[in-house]
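Note sheet for the following structure.
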Amino acid sequence: SRSGLLPRGRTEVRGAVTEALDELGAATSGADLALEIQEATVACAPEVLGQILRNLIGNALKYRAPERPCRLELSTRLETSWVSLEVVDNGQGMDPGGVRRAFEPFFRGTAEGAGHGLGLAIVDSYVRAMGGSVQLRSEPGVGTRVSIRLPRTATGTEDIRDPPPAVVRERWTAGTGT
């Protein structure tokens, strides 16, 4: 936000992933999307988590490798006080110089294409403002893995000290919510 403060709230991760994929709609066409999302709630407003997810998933789709079908994996891992979310793709990947600059405002992985190069800079600022962390690993011709760690909060029906719920594994079909 303009004031430098993020809106507060609680957001269910699985619902936010579903919404982000639906919003990206046509961009997901032809991509093999695998989801392994555990039920969890994070301590941030829905619009904040939505923006983070759209940026991460959007980058993975935008920087597809033209020589192979696009594969994208989204998964979560629960810890007592944290939710780790990973977005892994088999796209173009970045060299070490690109990885070093990836979180700079206005940096784009390639000269062509739409966008302002703000995606990872925004993700990093939002995640840090929530007390979380972001890690980026990438290799040219192999793909990219972005891992974010967000503060977990209990829903009305769970205690975050309880064992993690079962993982839901599924394939995503754009526009169907499944």
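The values are calculated or read from the model by the stated rules, or taken from the named source; none is laboratory data. Note that the structure is a prediction, hence the values are computed from the model and not measured. Ideal geometry is used to build each Cβ from the backbone, glycine not excepted, and the neighbour counts take in all protein chains shown.
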So which residues in the stretch 17-36 are of a type outside the set (Asp, Glu) and not in a loop (DSSP other than H, G, I, E, B), if there are any at all? VAL17, THR18, ALA20, LEU21, LEU24, GLY25, ALA26, ALA27, THR28, LEU33, ALA34, LEU35
With the condition being modelled with pLDDT of 50 or more and over 16 Å from LEU35 (Cα atoms), I'd like the strands (runs of 3 or more DSSP E) fully within the stretch 128-178 carrying at least 1 qualifying residues. 133-139, 143-153
Within the stretch 46-89, restricting to residues that are among the polar types (S, T, N, Q) and under 15 Å from the mean Cα position of the chain (by Cα), the one that is modelled with the lowest pLDDT is ASN59
What number goes with the only condition from (1) surrounded by fewer than 17 Cβ atoms within 10 Å (Cβ to Cβ); (2) over 21 Å from ARG152 (Cβ atoms); (3) not acidic (Asp, Glu) that GLY9 does not pass? (2)
Being modelled with pLDDT of 90 or more and touching a Lys or Arg at 6+ places or on another chain (Cβ under 7 Å) is the requirement here; does ALA40 meet it? yes
Those residues that are among the aliphatic types (A, V, I, L, M), within 10 Å of ALA16 (Cβ to Cβ) and touching an Asp or Glu at 6+ places or on another chain (Cβ under 9 Å), I need them from the stretch 32-48; list them, please. ILE37, VAL42
